């Protein structure tokens, strides 16, 4: 039900943006990013090259009103497998779907702050064959974020962004050997995201293109679950760099 809502909303907004763009330039933006992220775990890996900087897509569709209040939908997915001699096969397959309200505050002609709040849905599958824990999770929760920008020269801005999400959901075992172990219900997980980078605005007749690049760090807390007392333990860390293009129309 939740996933259908997110995808239906994204489809509806996409159709609306196409219609508005056909008539006149409107306050829409579509951002397409590729993140090259390396996966690390809090239990460590014996070989630092188990995971490379693998690509992961992220899409953001936004609508901003005349008073700088807006709504956006964001989708991020990551699916990678690595084999490590110390902990055997590791896999993280997940996606996030965010729906946020935001407000842009302009402090001057060169400095602005975007503050946001909304909901995040997370669906993930974690595999550690040598560690017995629930490896499926789906949950929903609140996400808060901020993005600050400052102009460094004509058309060019440095940005810094942070976000924090607190999720509640259920974990489940997939293995037949663990079928007798009850699922971990109502467990909590947190996501922390920090990014910094540079963007440059290129204005044309009815559209503005903004290429951007930067560095990003994500911490996913509680993605290993103890089957004895079911509490979350252990983190995943994703770190690397991103490149993208935003179109405003």
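Approximating the spin labels as points 7 Å out from Cα along Cα→Cβ, the residue 213-to-residue 245 distance works out to 1.5 nm. Here r is the Cβ-Cβ distance between residue 204 and residue 168 and R0 is 51 Å; the resulting FRET efficiency, rounded to 0.05, is 0.70. Length gained on full extension, residue 32 to residue 93: 19.9 nm, using 0.36 nm per residue less the C-alpha separation.
Let's test the formula: R0 of 35 Å, r as the Cβ-Cβ distance of residue 151 and residue 119. What FRET efficiency results, to the nearest 0.05? Calculated transfer efficiency: 0.65.
Any read-out appearing in this document is the output of simple, stated calculations on the displayed coordinates, not a laboratory observation. This is a predicted model, so every value here is computed, not measured. FYI the Cβ positions are ideal-geometry reconstructions off the backbone, even for glycines, and counts take in every protein chain you see.
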